[in-house]
Amino acid sequence: MEKLVLTIDDDKLTHLIIEESLAGFCKLLHAKEGEEGLRLINEHKPDIILLDIEMPGKSGYQVCQEIKQNADTKDIPVMFLSSKEALIDRVKGYSVGASDYIMKPFNAQELMARIKILYAYRQQCVKLESDINKANKTAAMAMTESGDMGRIMRYVGQSYHANSLQTLSEFFLGFFTPLNLDVVVVFWYQHKSEFYSLQGGVCPLVQELLAQHKDAQRFVDIGESTIINYPKLSLLVKNMPVDESEKYGRYKDLFPHILEVTNEKVVTMERNEKNYQQAEQISTALEDIISQFNAQNITQSNVAEQFCAQLEALNTAIELQKNNLNPADIDSCISQLEHTMQLLVSANSDLAFIKYQFEQVTQSRSEFLQSLRHKVEDIEPANNQDPDIELF
């Protein structure tokens with residue numbers, strides 16, 4: 001289906017630039033001022049609205065407010081086109097319901113890219129409408145549960161079993177559903193940002209807003225919205241009851257509990273993933289060592305055979321444990337690896353000597369056997385270890 005884009009702007013040049021930029025990309029409608037734009041919106045229900053801020057009559061902010069107050073048009077993404085570059089203007093655009101904000105002048109590639117993102121965002125929201133209905137039913141059931149702290153304890157239990165950000169976000173957002181709050185959460189995970197909301201998609205302007213306030217104070221109030229920041233996540237509550245002081249205070253006391261639990265869970269997930277990567281690196285390194293020893297022509301040496309067997313036992317133990325590694329396991333693994341590397345240095349010296357002895361054809365057989373026996377006795381303490389010993 002061809003995308004329908006409505007441009008509301010009093011500047012003829014802007015309409016011309018948009019027409020040229022989006023030719024063949026989508027179908028366009030044009031309005032020169034706010035009232036005409038609102039009429040076309042109600043008549044055609046466009047997929048995306050490009051809206052100027054400063055116009056005669058109604059400003060872009062006023063037009064956007066009316067669009068979002070209309071139940072039939074509130075879900076249409078609005079992108080502001082403006083020469084205003086201050087953060088306060090972007091925040092005001094967000095406050096009246098805009099989904100994106102683009103600076104004039106703009107190029108065709110940037111405009112098309114942003115329209116694609118907004119179109120995908122709206123399609124995603126439509127697709128997930130059935131999931132929202134399901135969430136509402138779940139919310140009705142959750143309302144029968146015990147009070148706030150009871151829900152927190154229930155969430156703590158759920159989060160314990162979450163092994164991915166997707167699962168964790170579902171439990172996290174489910175906590176807010178009974179409160180009838182529209183929230184967005186972003187996880188600052190391994191130098192990346194992962195956004196989640198009950199609507200599925202998170203528009204670019206909201207993403208930018210959360211990113212810009214990431215390092216701000218714990219609570220940031222923007223109109224009827226509130227951002228709550230923790231090191232590993234930030235929560236945006238779009239409809240915070242700022243006019244209801246009692247409920248507002250209750251939420252400000254309640255939400256840090258769940259955010260603190262979630263923050264520690266994300267820290268643990270990052271640590272476990274790092275431990276898993278370390279275990280993978282150890283396992284790969286040991287496999288390479290074993291391959292190199294097996295490639296050597298020393299299979300007749302008991303020293304080499306027993307040492308390789310020991311390395312294989314260590315590698316097998318790591319493979320069995322790496323999915324459940326914790327910091328204590330890593331410390332034990334590192335200690336065992338250091339001990340094994342000491343054996344490796346000693347064995348490498350012994351094997352080099354044995355190879356040298358094989359090459360000395362002028363030495364007598366008795367001297368060779370005596371030297372070999374002496375070297376085997378040197379590393380017998382390592383070879384006499386119980387092969388079934390638990391390494392971790």
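The values are calculated or read from the model by the stated rules, or taken from the named source; none is laboratory data. What you see is a predicted model, and the numbers here were worked out from it, not measured in a lab. Counting neighbours? That spans all protein chains shown, and the Cβs are built from the backbone with ideal geometry, glycine included. The protein model used for the area step is the full one, side chains on, heavy atoms only, and it has no ligands, DNA or RNA in it. Shrake-Rupley method; radii C 1.70, N 1.55, O 1.52, S 1.80 Å.
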Check region 243-258 and report whether any residue there is in contact (Cβ under 8 Å) with a residue 24 or more places away in the chain, under 30 Å from GLU85 (Cα atoms) and basic (Lys, Arg). no
Can GLY60 be described as of a type in the set (Gly, Ala, Ser), open to solvent by less than 40 Å² (accessible area, probe 1.4 Å) and out of contact with any strand residue (DSSP E or B) (no Cβ under 6 Å at 6 or more places or on another chain)? no
Of these, GLU2, GLU54, GLU20, which one is under 23 Å from ARG90 (Cβ atoms), open to solvent by 70 Å² or more (accessible area, probe 1.4 Å) and of a type in the set (D, E, K, R)? GLU54
In the set SER197, SER193, which member is at pLDDT 90 or above and buried (at least 18 other Cβ atoms within 10 Å of the Cβ)? SER197
Residues being of a type in the set (Asp, Glu), assigned to a loop (DSSP other than H, G, I, E, B) and in contact with a helix residue (DSSP H, G or I) (Cβ under 8 Å, 6 or more places away or on another chain): count how many of those fall in region 26-52. 1
Can you name every residue in region 179-198 that is in a loop (DSSP other than H, G, I, E, B), within 17 Å of the chain's Cα centre (by Cα) and in contact (Cβ under 8 Å) with a residue 12 or more places away in the chain? GLN190, LEU198
Scan of region 159-172 for residues that are of a type outside the set (Gly, Ala, Ser) and in contact with a Leu (Cβ under 9 Å, 6 or more places away or on another chain), ordered by number: PHE172
